[in-house]
Amino acid sequence: MLNFDWLAGVSQETAKIVFLSLFILIAIVVLLIPNDYIFQGVKKKDRHWWNNLKIWAIFVLASLFFVYYIF
């Protein structure tokens with residue numbers, strides 16, 4: 001069984017900062033993915049902004065960031 005007693009000394013503010021910084025780090029990694037890799041196999045004329053997974057990933061990360069920041 002997992003024992004997470006070693007995390008008992010971590011304050012809520014520290015945990016919040018760690019998670020918010022992880023969301024920012026993941027967003028940076030997502031932004032570094034080239035568009036050609038995302039749209040691989042899709043013709044240039046058939047590419048639409050709503051099919052760009054980077055936009056959706058950033059939206060989800062921003063939503064999570066906002067929720068964690070507020071609460």
Fill in: ASN35-ASP5 pseudo-label distance in nm [points 7 Å out on the Cα-to-Cβ vector]
5.5 nm
Worksheet item: List the chymotrypsin sites (Phe, Trp or Tyr not before Pro) in the stretch 1-47 that DSSP assigns to loop (not H, G, I, E or B) and whose Cβ has at most 13 other Cβ atoms within 10 Å. Which are they?
Response: PHE4
Worksheet item: In degrees from 0 to 90, rounded to the nearest 10, what is the angle of the helix 12-31 Cα long axis to the longest principal axis of the chain?
Response: 20 degrees
Worksheet item: By how many nm would the segment from LEU53 to PHE66 lengthen if fully extended, with 0.36 nm per residue of separation less the alpha-carbon distance?
Response: 2.7 nm
Worksheet entry | Rg [Å, one decimal], Dmax [Å, integer] - the stretch 10-70, C-alpha atoms | 15.1, 51
Worksheet item: Looking only at LYS16, LYS44, LYS54, which one moves most when the chain is put into a Gaussian network model with springs between Cα atoms under 10 Å?
Response: LYS44
Worksheet item: Using +1 on the beta carbon of Lys and Arg, -1 on that of Asp and Glu, and nothing else charged, what's the dipole of the chain about the Cα centre, debye to 20?
Response: 500 debye
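Values in this text are rule-based calculations from the coordinates and carry no lab data. Predicted model, so just to flag it, every value in this text is computed and none were measured. Cβ: placed from backbone, ideal geometry, glycine included. Neighbour counts: every protein chain shown.
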